[in-house]
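Let me begin by presenting the structure, written as C-alpha cells, before commenting on it.
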C-alpha cells in the first residue's frame, strides 16, 4: 500500500466550517457592541432631556443659558456625569438652547453614521427633530 500525505475531504470541510463559525461569531459580537453603545447613548440623552425638563419645571422660562455643568450644579444631573469625551464613541455631549429658546438641542460628537441613524430612529417619536452632520448627531426636544 502506498501512503498518501495531505488532507482528506472531511478534514477540509471541518476546518472550513470552523473558520466560518468563527467569522460569524466575530461579526455578531461587533453588532452586540454597537447595540450597547447606541443603548448607552440613548440613556444619556434621556437623562439630559429629563434634566432639561426639570430645569424648566424649576422656574426657568426658556432654555437660554442651559449647560451640562449648570444642570449638575443645580442637581438635575448627577455630579458624576461628564460631558467631555464620555459618549460611547469617545466624543462629547452638548446641551444648548435651540434657536427657538423654548426648545433644547442635545448633541453628541464622534458618532458614526450608522449609529446616528439608529439613534434618530429611537427618538423619532419623542424628538421634534434629529440631524446628523460632520460626525455630530443632534436631537431637538
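The values are calculated or read from the model by the stated rules, or taken from the named source; none is laboratory data. Only a predicted model underlies this, so the values are computations on that prediction, with no experimental measurement involved. No Cβ is skipped: glycine too gets one built from the backbone with ideal geometry, and neighbour counts run over all protein chains shown.
Listing for the model above:
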{"item": "Residues of region 69-83 classified as free of Cβ contacts under 8 Å to residues at least 24 places away in the same chain, part of a loop (DSSP other than H, G, I, E, B) and out of contact with any strand residue (DSSP E or B) (no Cβ under 8 Å at 6 or more places or on another chain), total", "result": "6"}
{"item": "Flag if residue 42 is over 21 Å from residue 140 (Cβ atoms) and modelled with pLDDT of 90 or more", "result": "no"}
{"item": "Residues located in region 90-117, provided they are within 21 Å of residue 36 (Cα to Cα) and surrounded by fewer than 16 Cβ atoms within 10 Å (Cβ to Cβ)", "result": "90, 110, 112, 113, 114, 117"}
{"item": "Any hit, region 39-49, residues being under 20 Å from residue 103 (Cβ atoms) and in a loop (DSSP other than H, G, I, E, B)", "result": "no"}
{"item": "Of all residues in region 118-129 being in contact with a strand residue (DSSP E or B) (Cβ under 7 Å, 6 or more places away or on another chain) and within 13 Å of residue 42 (Cα to Cα), the one that is surrounded by the fewest Cβ atoms within 10 Å (Cβ to Cβ)", "result": "120"}
{"item": "Residue selected from region 40-54 under the condition within 22 Å of residue 109 (Cβ to Cβ) and touching a helix residue (DSSP H, G or I) at 6+ places or on another chain (Cβ under 9 Å), by the criterion surrounded by the most Cβ atoms within 10 Å (Cβ to Cβ)", "result": "48"}
{"item": "Single condition residue 87 does not satisfy, out of (1) in a helix (DSSP H, G or I); (2) within 12 Å of the chain's Cα centre (by Cα); (3) crowded, with 19+ Cβ neighbours inside 10 Å", "result": "(1)"}
